[in-house]
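Read the figures in this text as sums done on the coordinates, not as results from a lab. Fair warning: this is a prediction, and the values are worked out from it, not measured in the lab. Note: ideal-geometry Cβ built from the backbone for every residue, glycine included; neighbour counts use all protein chains shown.
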Amino acid sequence: MNNFIYQNQTKVYFGKGSVGEHLEAVLGNYGDTVMLAYGGGSIKSNGIYDEVMGILKAAGKRVVEFSGIMPNPTYTKALEGAKLAREHQIDLILAVGGGSVSDCCKVVSAQAKLDEDIWELEYTKNALPNQFIPLGTIITLFGTGSEVNSEAVITNEEQKIKGAVWGAQPDFSFLDPSYTMSVPMKQFLSGVFDTLSHVMEIYFGKPDENNLSDDMSEAVMRSIIRNIRVLLTDPNHYGARSELEWASTVAETGILKMGKVTDFQCHMIEHQLGAYTDCSHGEGLAVIHPVLYRHIYKSGVARFARFAQNVWGIAPKGSEEETAAAGIDALAAFIREIGLPTSFAELGIPADTDLRAVADSAILTAGCCKKLSHDEIYEILKECR
C-alpha cells in the first residue's frame, strides 16, 4: 500500500428526519444571510423547499435564493452565483439537491472570495483557492458523493471542457434517504450507477496486489448491486435506499482511495462526452464502462478475474482470461437489467457527434492496468455507438 494522509472535515447527519432534528441548531453557527441554492424546482413540489425554508425562518435567517442549477452545471452559472453571493454578502451557502447543485456551489463559494477567475487560477496558474464562504448541503439525489469532498465537476461551455474545479468542501451535509423517494427511477438509477463507477475506478487503480482498500471496495460494490436489485422490485424500500446513499458517500470520503493511485479514465472520457453533448453523466458511464473494460482487461487479467469472482460471484472458468471476460459480461448484463442505456443511440446522442474531438480532449490517466492513447479512446467511443 502506498503512503497517504487522510482527513475529512465534513460532518454528516444521516437518516430520516435528520434535517428537521438538527438543521436549525447547525444554522446557529453561521451568520444571518443564507443563500439557498437548488436546481429546477422539484424541491418545491415534493415539500423539501417548504421544510427547509420553515427552518431557515425559524432560525431568523435572511434568505437569498439561487435557483436553476442545471444537471451538468456550467461555469457561467457558477459565476452568476458568485456574483449574487458577493452582492448580498452571504454568510452560508445551503445547497439543496444532488451532486450538480453541490458542485456548482463549491465553485460559487470559492469564486465569491476571489479577485481573479477561478478557472484561470486552477487551469493556467495551477494554484488553488484558500478562502471560501461556508457551505452546507442537503442531498435529495445521491450518487456523486459530492457532499463530502471539495471537487466540483463543471462544464466550461466556451472551451468545451467538462472538468474538475476545486472549491469549498461542505462543513456539513444532511443525507435523508426518504428525500429520494420522489426522484424518477431512471434518474435515481443513473445516480447510483455513478457510485458503482466511482468504486470500480478506485478498485482498478494501482497497486493491484491485495490491500484493505480493495477488500472494502468489493464489499461496497456487492452492496450496491444487491440493493439496486431490491429497489427494482420494491422502489420505496427505505433500507435499500439508505444503504445506497451511504455507499455513495463512503465512495467519495476518500477512505477507499487510501494507498491507491485511482484510475477514473472512464470518467475522463464521459466528462468530455458530456461537454460536447450534455448527456446524463451516469448513463454515459453505463455505456462506456463495458466497452472500455473489454479494451483493457487483457493487460490486467488477474484483477478483472478477481472482480468477476469476488463482486459478481462468478465461478472460475477454464482460464483466468475467460473468468475476467465473464466479469465484464456480468457488468454489461447488470446495466441492461436495471434499464440503463448500452449504446450512444439509446442514450440519445446524435450520430454526427464529433467523437474524434471528444477523444482528443479527454484527459489520459495512468492509474489502471493500461494507459490509453487518444486514438484508442476514439475506437472505444466508436464502439459505443
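Overview of values
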read-out	value
MRE, 222 nm, helices only [DSSP H, n ≥ 4, -39500 (n - 2.57), over the chain, to nearest 500]	-15500 deg cm²/dmol
Dipole-positive endmost among Val101, Thr140, Ile118 within region 11-179 (Cβ charges, Cα centre)	Thr140
Size of charge dipole - region 199-329 - debye, nearest 20, with Cβ of Lys, Arg +1 and Asp, Glu -1, no other charges	160
Where labels lie 7 Å past Cα in the beta-carbon direction, separation of Ser343 and Ala25 in nm	5.6
Gyration tensor (alpha-carbon) shape descriptor, region 166-241, a/c threshold 1.5	oblate
Relative pair counts by distance (%), Cα atoms of region 185-383, 5 Å bins	1, 8, 16, 20, 21, 17, 11, 5, 1
Neighbour-count order for Asp115, Asp278, fewest beta carbons within 10 angstrom listed first	Asp115, Asp278
Inter-site label distance for Lys298 and Arg336 at 7 Å from Cα along Cβ, in nm	2.3
Cα-based Rg and Dmax for region 254-331, where Dmax is the largest Cα-Cα distance (Å)	14.2, 43
Met70 versus Lys57: modelled label distance in nm, points set 7 Å from Cα along the beta carbon direction	3.3
Of Ile328, Val230, Ile296, farthest towards positive along the dipole that unit charges on Lys, Arg, Asp, Glu beta carbons give region 185-383	Val230
Low-density loop cleavage sites - GluC sites (Glu not before Pro) in region 200-252, where at most 13 other Cβ are within 10 Å (DSSP)	Glu209
Ser102, Ser361, Ser242 arranged by Cβ crowding within 10 Å, fewest neighbours leading	Ser242, Ser361, Ser102
Those GluC sites (Glu not before Pro) in region 58-130 that DSSP places in a loop and that have at most 13 other beta carbons within 10 Å	Glu116
Gyration tensor verdict on the chain (Cα atoms; rounded if a/c is under 1.5, prolate if a/b is larger than b/c, oblate otherwise)	prolate
Rel. contact order, % - alpha carbon contacts under 8 angstrom, at least six apart, region 112-263	27
Using alpha carbons only: equivalent-ellipsoid semi-axes of region 274-385, gyration tensor based, whole Å	26, 17, 10
Region 228-276: C-alpha gyration tensor shape, a/c 1.5 cut-off, then a/b vs b/c	oblate
Unit charges on C-beta of K, R, D, E only; dipole of the chain, Debye	400
Nonlocal amide H pairs with Val64, under 5 Å, H built at 1.01 Å	Val34, Met35, Leu36
Length-normalised contact order for region 185-383 - Cα pairs under 8 Å, 6+ apart - percent	26
Neighbour-count order for Thr124, Thr144, Thr74, fewest beta carbons within 10 angstrom listed first	Thr124, Thr74, Thr144
Segment Glu120-Asp375, length gained on full extension (0.36 nm per residue, minus Cα span)	88.9 nm
